[in-house]
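Report on one structure; see the data block that follows.
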Amino acid sequence: MKTFIKIFIVHCLITSATFAGNFTKKEKTDAQFCLEIFGIAMENGKPVDGVSVKLYKENEELEWTEVTSVTYHEHSFNFRLEADSYYTIEISKPGYVVRSVGVSTKIPAYVALETKFRYEFEVELFRTQKELDEYYVDFPVALIRYDETRDVFMNSSFYTKHIKTMMNQFHTDKGKPYSKQ
């Protein structure tokens, strides 16, 4: 009888340790989400309906949504992103140039994975143009990453300025004005 009780107690301890281990593992998985990102497509200062938005992680499509009824100051799409990955958000609408935003969720080891960040952005859409240089349009319009000095996710203004300058330079060289970006 004592042997049976010992075996029963050992079995209970192993079962509870396994359950606790699984529970801890689930908490860690949930904590992997570090950034919730919100976006809206705009044209001439107004929200755009009928926009398709795709989320890619490391070039694999994860989610797709279509924006149908959006008002200003209301973000039309949002995604929860895992830490230490690279994402691309692609915004498109027939008759408009496809825009993309790159997001790096690499965070330093000292930042707790339980920390949740939030980032909001607007993407300016513009109509397809005959003389458009596809080379620079294929690059993301913005790169969002974690800034250690400010402890927030933010847009790389240097990158965005460079892409806009290169697109404008192409069109100035061609002698044509360029639409908003």
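Quick notes on this structure:
- In terms of packing, defined here as the mean over residues of other Cβ atoms within 10 angstrom, the peptides 78-86, 155-163, 33-41 line up highest first as 33-41, 78-86, 155-163.
- Within-13-Å neighbourhood charge of Met154 [Cβ basis; K, R +1; D, E -1]: -1
- Calculated FRET value between Thr160 and Ser52, using beta carbons and R₀ = 25 Å, to 0.05: 0.65
- Compared with the alpha-carbon gap, the fully stretched path from Thr115 to Asp151 is longer by 11.9 nm at 0.36 nm per residue.
- The label point for Gln169 and the one for Arg80, both projected 7 Å from the Cα toward the Cβ, are 4.3 nm apart.
Each reported figure results from applying straightforward, stated rules to the coordinates on display, with no laboratory input. All of these numbers come straight from a predicted model, not from anything done at the bench. Virtual Cβ from ideal backbone geometry, glycine too; neighbours counted across all protein chains shown.
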